[in-house]
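Some notes on the structure that comes next.
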């Protein structure tokens, strides 16, 4: 069945945050002081998620993205993925990860049913990586990317958050990665999530400024992006193995094309990434009644706004680590 919201947008994609914990501490994802981790009994369970995803599939959801925190540190992740892959109607399972555990887990992930990978990577320089994440694990992430390529994951997308005065001089290095390797690098505008406005604006730069810089250094042209449900605008260097994309949530809204739902690690359906509007799916799933979850999902979809309000400095109280990257 087709699932549409009040504005006629077809909803066929759900992003699920499995946990709010991570083995890195990226500064824009959570504050340097950390966040108060939720109690385990408040966190969504695999059993509850299976009910939620079964209900979602009955409503026409076909694609699932599993995020965190860092999903690969959660116990029982691989058996959970295998179960999700067997849900009737689910055609595609993707994973967002920081890549630090990918090298050792990539084959099992592929065997379990993961089709696509998004890997968060904001710098290719060791000291910068350590500074922004708090850990010296760049070599692990790069090894994980190479392993994923060797195993034939397709597409492999690298998510690069654009950070003024931090990684802009590396944009060319990321573009070069797409020439020799089948990687799809996506430059993402810094977004105001759970942070005071001054913090994100100090690091923010428009994707158009970065695109202009890339065009000055490389011969690029518009292209069709790789398989996926994301909102990026894609370009490529002619004859390159990969592509480069730009995600412009702040400067160039793509709300009219929004096709997704988000489930937080405590089982709330967020009606919009930048809104505090939420519906409690965990409570509905606890009834073990798929129909009640379907009712809750429909209620959430009815509340989905036409667009977000981040240009009015209105934002959610949650950090990205609590929503799902």
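The values are calculated or read from the model by the stated rules, or taken from the named source; none is laboratory data. Computed from a prediction, not measured in an experiment: that's the story for all the values here. Positions of Cβ are generated from backbone atoms using ideal geometry, with glycine treated the same way; all protein chains shown enter the neighbour counts.
Quick look at the values:
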| item | result |
| --- | --- |
| Failed criterion for residue 307 (all others in (1) closer than 30 Å to residue 212 by Cβ; (2) in contact with a helix residue (DSSP H, G or I) (Cβ under 9 Å, 6 or more places away or on another chain); (3) crowded, with 17+ Cβ neighbours inside 10 Å; (4) modelled with pLDDT under 95 hold) | (3) |
| Residue under evaluation residue 316, criteria (1) modelled with pLDDT under 95; (2) crowded, with 21+ Cβ neighbours inside 10 Å; (3) outside any loop (DSSP other than H, G, I, E, B), criterion not met | (3) |
| The stretch 244-290, residues that are within 18 Å of the chain's Cα centre (by Cα) and in a helix (DSSP H, G or I) | 255, 257 |
| Qualifying positions in the stretch 48-84 - in a helix (DSSP H, G or I), in contact (Cβ under 8 Å) with a residue 60 or more places away in the chain and touching a strand residue (DSSP E or B) at 6+ places or on another chain (Cβ under 7 Å) | 49, 52, 56 |
| Any hit, the stretch 114-131, residues being in a helix (DSSP H, G or I), over 30 Å from residue 165 (Cβ atoms) and in contact with a helix residue (DSSP H, G or I) (Cβ under 7 Å, 6 or more places away or on another chain) | no |
| Identity of the residue in the stretch 248-260, in contact with a helix residue (DSSP H, G or I) (Cβ under 7 Å, 6 or more places away or on another chain) and buried (at least 16 other Cβ atoms within 10 Å of the Cβ), that ends up nearest to residue 161 (Cα to Cα) | 248 |
| Scope the stretch 221-247; condition free of Cβ contacts under 8 Å to residues at least 40 places away in the same chain and surrounded by 17 or more Cβ atoms within 10 Å (Cβ to Cβ); matching residues | 231, 233, 235 |
| Filter result (part of a loop (DSSP other than H, G, I, E, B) and buried (at least 21 other Cβ atoms within 10 Å of the Cβ)) within the stretch 168-183 | none |
| Test: residue 294 is over 21 Å from the mean Cα position of the chain (by Cα), surrounded by 15 or more Cβ atoms within 10 Å (Cβ to Cβ) and assigned to a helix (DSSP H, G or I) | yes |
| Residue in the stretch 129-165 that is surrounded by the most Cβ atoms within 10 Å (Cβ to Cβ), counting only those that are at positive phi and at pLDDT below 95 | 134 |
| Options 21, 15; residue that is at pLDDT 85 or above, under 30 Å from residue 302 (Cβ atoms) and surrounded by 11 or more Cβ atoms within 10 Å (Cβ to Cβ) | 15 |
